[in-house]
Amino acid sequence: MPEDSFAFTLLPGTEDPPFTDREYQAELRALGEALEAAGIDVASKQFMPRLQPGMIYMSLGRLLGEYAMPMAQVVVPAVTAALVAWITARGNRRVRIKIGSVEVDARTPEEVEQLLQRVKAFQEEAPGKNTEAE
């Protein structure tokens, strides 16, 4: 992951079906599509099963709930809205936010908002950030 990237993983709750379930996959796709619709350059990780010789696989890979985007786009309100919607949709869901080698889990909408504010502050304090103070 590039140094100027922000990554997050959507972690299922106890009420969630397996990650291969159609409904669960639809939720993951909808979140990615909502971010893209807001103009966010988001990349997602997928699981692609290994095919055996002679097999025909007629489905897309399964989303794993892992996403990455440029750090500058974290401040877009759609990011906060999408992550909060994920957490509140079902019980015990979490969002794991990763910047560099640091990973932190958020379990509530308030924790998501606090973490994204810290990400914004980190971005503003980053060495080499172009400032226009003069």
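The values are calculated or read from the model by the stated rules, or taken from the named source; none is laboratory data. Bear in mind the structure is a predicted one, so any value in this text is a computation, not a measurement. Glycine gets a Cβ as well: all are built from the backbone with ideal geometry, and neighbour counts include every protein chain shown.
Taking the conditions (1) aliphatic (A, V, I, L, M); (2) more than 23 Å from Q123 (Cβ to Cβ); (3) touching a strand residue (DSSP E or B) at 6+ places or on another chain (Cβ under 6 Å); (4) surrounded by fewer than 16 Cβ atoms within 10 Å (Cβ to Cβ) in turn, V104 satisfies each one other than (2).
A quick yes/no check of all residues on (1) buried (at least 19 other Cβ atoms within 10 Å of the Cβ); (2) modelled with pLDDT of 85 or more; (3) of a type in the set (D, E):
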| position | (1), (2), (3) |
| --- | --- |
| I97 | yes, yes, no |
| G100 | no, no, no |
| E113 | no, yes, yes |
| Q117 | no, yes, no |
| T131 | no, no, no |
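Considering segment 16-40 alone, what residues qualify as being surrounded by fewer than 18 Cβ atoms within 10 Å (Cβ to Cβ), modelled with pLDDT of 90 or more and not in a helix (DSSP H, G or I)? Result: P17, P18, D21, A38, G39.
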